[in-house]
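For reference, the structure is listed below as structure tokens.
The values are calculated or read from the model by the stated rules, or taken from the named source; none is laboratory data. The shown structure was predicted, so the numbers you read here are calculated from the model rather than taken from an experiment. As a convention, Cβ positions derive from the backbone with ideal geometry for all residues, glycine included, and neighbour counts pool all protein chains shown. These area figures cover heavy atoms from the full protein model, side chains too; ligands, DNA and RNA do not enter into them. Shrake-Rupley method; radii C 1.70, N 1.55, O 1.52, S 1.80 Å.
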Amino acid sequence: DTLAKHLKQSPACFDFFVQLQEDAEKLPVEDPTSDWPEQFNGHGTMVKVATIKMASPQTPSSPAAMQLCEDLSFTPWHGLVSMRPMGGVNRIRRDVYIETSKFRHSLNKAPFPVPTEADWKKLSSGKKGK
């Protein structure tokens, strides 16, 4: 609700970061209880990989936008192979994402769409339909 109210009047911007593993012994991928510090060997481990800019005005809670979001499938594994999540917990997480997405899409009787740039432009302009 807060984002929808904000986007009616102002744009929004989100930065996305990944944390690099520099030492497999000190920063183990397979141990989910291990804390990875934001500083390692005297420098930061967080690397900005993307910025998402959302234009204004738009209505992300419109029926068309809500339906598109309901029909989408998000998974971190849609990206580059070199950027995919690692570790046992993430391998399980991947399977959970896939199965819950299949279930939700079967309930919605929706295909697994890959939105086009035109789809996003329609939504951001407030036009009806997909």
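Quick check on this structure: which one of P63, P37, P85 is open to solvent by 50 Å² or more (accessible area, probe 1.4 Å), within 27 Å of L3 (Cβ to Cβ) and not hydroxyl-bearing (S, T, Y)?
Only one candidate passes the filter, namely P63.
Of all helices (runs of 4 or more DSSP H) completely enclosed by segment 1-112, which ones contain at least 1 residues that are of a type in the set (F, W, Y) and at pLDDT below 90?
Result: 88-108.
Could you say whether any residue in segment 20-42 is aromatic (F, W, Y), in contact (Cβ under 8 Å) with a residue 12 or more places away in the chain and out of contact with any Asp or Glu (no Cβ under 8 Å at 6 or more places or on another chain)?
Yes: one or more hits.
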